[in-house]
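First the structure, in the form of structure tokens, and then the observations on it.
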Amino acid sequence: MRQKYAVGETQVVGAPGAAELRAAVARVQRELAAYRPALPDRAVAEDELAVLARLAAQPAPAAIRDAEAVRHSLLLVAAALGSVSALTEPLAELHETVERATPTC
């Protein structure tokens with residue numbers, strides 16, 4: 001997608017890529033690490049966040065090809081942490097980033 005800025009000037013603006021996904025995953029990881037109460041599914045969330053981090057470390061086109069794996073990990077993270085109100089905002093940011101970064105089927 002292109003946006004026009006001035007006569008003859010354009011800048012390519014694409015879907016969020018690996019950098020945005022890495023940032024969103026890192027934020028959830030930080031917020032989860034700072035959240036001290038016991039969570040029964042903390043290990044599941046941490047494992048799936050690690051999977052997302054590995055997928056996000058790939059170049060953007062590879063992460064998009066693995067859209068199903070990215071969405072699956074997001075689903076597991078959301079299931080494990082979705083009821084924790086302290087993590088609502090970072091989870092929503094991660095969800096929005098995944099939605100923008102991966103094509104829908």
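Odds and ends about this structure:
- Residue count for the range 58-83 under the criterion of being modelled with pLDDT of 95 or more and over 13 Å from the mean Cα position of the chain (by Cα): the result is 3.
- Output for the range 86-105, where each listed residue is in a helix (DSSP H, G or I) and open to solvent by 80 Å² or more (accessible area, probe 1.4 Å): GLU89, HIS95, GLU96, ARG100
- Qualifying residue in the range 78-85 (condition: assigned to a helix (DSSP H, G or I) and free of Cβ contacts under 8 Å to residues at least 12 places away in the same chain): yes
The values are calculated or read from the model by the stated rules, or taken from the named source; none is laboratory data. In this text the structure is predicted, and so the values were computed from the model without any measurement. Reconstructed Cβ throughout: ideal geometry from the backbone, glycine too, with neighbour counts over all protein chains shown. Ligands, DNA and RNA are stripped out before the accessible areas are found, and what is left, the full protein with its side chains, is counted by its heavy atoms. Shrake-Rupley method; radii C 1.70, N 1.55, O 1.52, S 1.80 Å.
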